[in-house]
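Read through the structure below, which is laid out as structure tokens, and then see the notes.
The values are calculated or read from the model by the stated rules, or taken from the named source; none is laboratory data. What you are looking at is a predicted structure, and each value in this text was computed from that prediction instead of being measured. In this analysis, Cβ positions are derived from the backbone assuming ideal geometry, glycine residues included, and neighbour counts consider all displayed protein chains. Calculation scope for accessible area: heavy atoms of the full protein, side chains included, ligands and nucleic acids excluded. Shrake-Rupley method; radii C 1.70, N 1.55, O 1.52, S 1.80 Å.
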Amino acid sequence: MKWIKCQVNEENKRSFSKAQEGWGELRHCAGFIGQIGGWNRNEPCEAGILSVWKDLLCYRRFMQHQHDEIFAKSDQGSTYTNISVDIFESISNMGRTDMTDFVDKGKLLRVAECSVENVKRARFEH
């Protein structure tokens, strides 16, 4: 999973959203499962985008061969002031459904970003 956060000036929010439409080309990339995003309710000028990939190899291939072209076409770089990107690997699924099923069947997705002290990590993951 790729978690992207962008800081967007109020006057650029519409342009940012429009540029996001250019990322529809992702559906043609091998290993791409789905993407969802929106505006942070607590920070109205922060956009969050969650992108889900089959595995790290597919994601890396995309970054090497397709990302820059899609990014340039979308002109997204001119719409935000700051970006942070984090890559996460799945440790386990809560429940019996594969997390990626939300793309086809989900009606609600809740994403929580948190930090856990190293000494408490095993307990948190359990």
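Data table
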| read-out | value |
| --- | --- |
| Counted residues, the range 24-45 - those being open to solvent by 30 Å² or more (accessible area, probe 1.4 Å) and without any contact (Cβ under 8 Å) to a residue 60 or more places away in the chain | 15 |
| Selection status of Ser15, in contact with a Lys or Arg (Cβ under 6 Å, 6 or more places away or on another chain) and surrounded by 13 or more Cβ atoms within 10 Å (Cβ to Cβ) | no |
| Failed condition for Ala112, given (1) of a type outside the set (Phe, Trp, Tyr); (2) at pLDDT below 70; (3) surrounded by 10 or more Cβ atoms within 10 Å (Cβ to Cβ) | (3) |
| Pairs, first over 18 Å from Leu50 (Cβ atoms) and open to solvent by 70 Å² or more (accessible area, probe 1.4 Å) in the range 75-90, second part of a helix (DSSP H, G or I) and not aromatic (Phe, Trp, Tyr), C-beta under 7 Å, six or more apart | Asp75/Ala19 |
| Selection within the range 46-74 - of a type in the set (S, T, N, Q) and either open to solvent by less than 60 Å² (accessible area, probe 1.4 Å) or modelled with pLDDT under 95 (or both) | Ser51, Ser74 |
